[in-house]
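These notes are about the structure you will find just below.
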Amino acid sequence: MKRAVLATLVITAVCSLFLAGTVSAAKAGYGFRIANGATITTDGKVDPATEWDDSYKDWLYDGWTKTTNFFRTKWQSAPVEAWLIEILTDTTANPGDNYQMAIDTTVGGGATPQTDDSLINWTGGTMTLFTGTGTAWGASTAVPGTSAIIVSTIGTSPASSTPHRIIELWIDKLAFAMAFSNNMRMSYYDADTGKTFMWPPDSSSSVPDSYGTGTTEFGEAIPEGLTIGVMALASSVAVVVGSRCFRKRPRI
């Protein structure tokens, strides 16, 4: 009985440790992985229906509330990353609709955009690129349409039969001097409702310390998003439970 109580206390302590870390530091608690995937057609459509099945998936947040809106990503032929963003709650095109992806290219963090950070901004069909100045965002030398391509439509997909905002993003990592793995923050503003959806939750494009941690891998992608805290929690609980269940009983 004492051992059972001890195991329960250890598991509870581990849960408190990692879940507390998840909500207190977005960069430390939220991560995404990019792995190899079949080549997509950057046309703002999920066609064929299986086009993004082999990619990593995670959800966008409204503040701290997880929504049904999501993003997917996978590694294309070097040095290209492909991204899919689906806003199921935005069913109408508006000139004020805005999508942003901020990239910490060397995973250096910071309280303000650094000179090695990049920002991709898309508003109503027009893409503008920015780079950090050390204190804010300034003009970028990267060329839209060459270093990055965004195509968006209002259409249907396997995720929803109701027409909604679909965005496909293509990024040349070399054009942005991106390292092998990079931290990222993205957001979408729906001009019709005034809602902003983002990942990680409660983050800012102007604060690299609030970005999610990215890892580029070669191999099979993880299909559903798991925060770093939750993955560490699952591993720790498995170790505790395993040691409890498989420990040899002393002979009497």
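The values are calculated or read from the model by the stated rules, or taken from the named source; none is laboratory data. Everything numeric in this text was worked out from a predicted model, so none of it was measured. As a convention, Cβ positions derive from the backbone with ideal geometry for all residues, glycine included, and neighbour counts pool all protein chains shown.
Residue 215 meets all of the listed conditions (1) at pLDDT 95 or above; (2) surrounded by fewer than 18 Cβ atoms within 10 Å (Cβ to Cβ) but one, namely (1).
Remark: residue 115 matches the filter, which requires a residue to be assigned by TED's automatic domain parsing to the domain that holds residue 180, under 18 Å from residue 211 (Cα atoms) and of a type outside the set (A, V, I, L, M, F, W, C). From the residues in region 167-177 that are buried (at least 16 other Cβ atoms within 10 Å of the Cβ) and over 16 Å from the mean Cα position of the chain (by Cα), which one is modelled with the highest pLDDT? Top of the filtered list is 172. Evaluating residue 164 against the criteria (1) under 21 Å from residue 134 (Cα atoms); (2) in contact with a strand residue (DSSP E or B) (Cβ under 8 Å, 6 or more places away or on another chain) leaves one unmet condition, (1). Scanning region 27-62 for residues that are surrounded by 18 or more Cβ atoms within 10 Å (Cβ to Cβ) and part of a strand (DSSP E or B) yields 31, 32, 33, 34, 56, 57, 58, 60, 61.
Residue by residue, here is whether (1) more than 13 Å from residue 171 (Cβ to Cβ); (2) outside any loop (DSSP other than H, G, I, E, B) holds:
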residue	(1), (2)
77	no, no
83	no, yes
89	yes, no
94	yes, no
103	no, yes
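Report the residue count in region 133-148 for those that are crowded, with 16+ Cβ neighbours inside 10 Å and touching a residue at least 40 places away in the same chain (Cβ under 8 Å). Can you show your working first?
So in region 133-148, the residues crowded, with 16+ Cβ neighbours inside 10 Å come out as 137, 140, 142, 144, 147-148.
Filter once more, keeping what is touching a residue at least 40 places away in the same chain (Cβ under 8 Å): 137.
Residues in region 133-148 being crowded, with 16+ Cβ neighbours inside 10 Å and touching a residue at least 40 places away in the same chain (Cβ under 8 Å): 1 in total.
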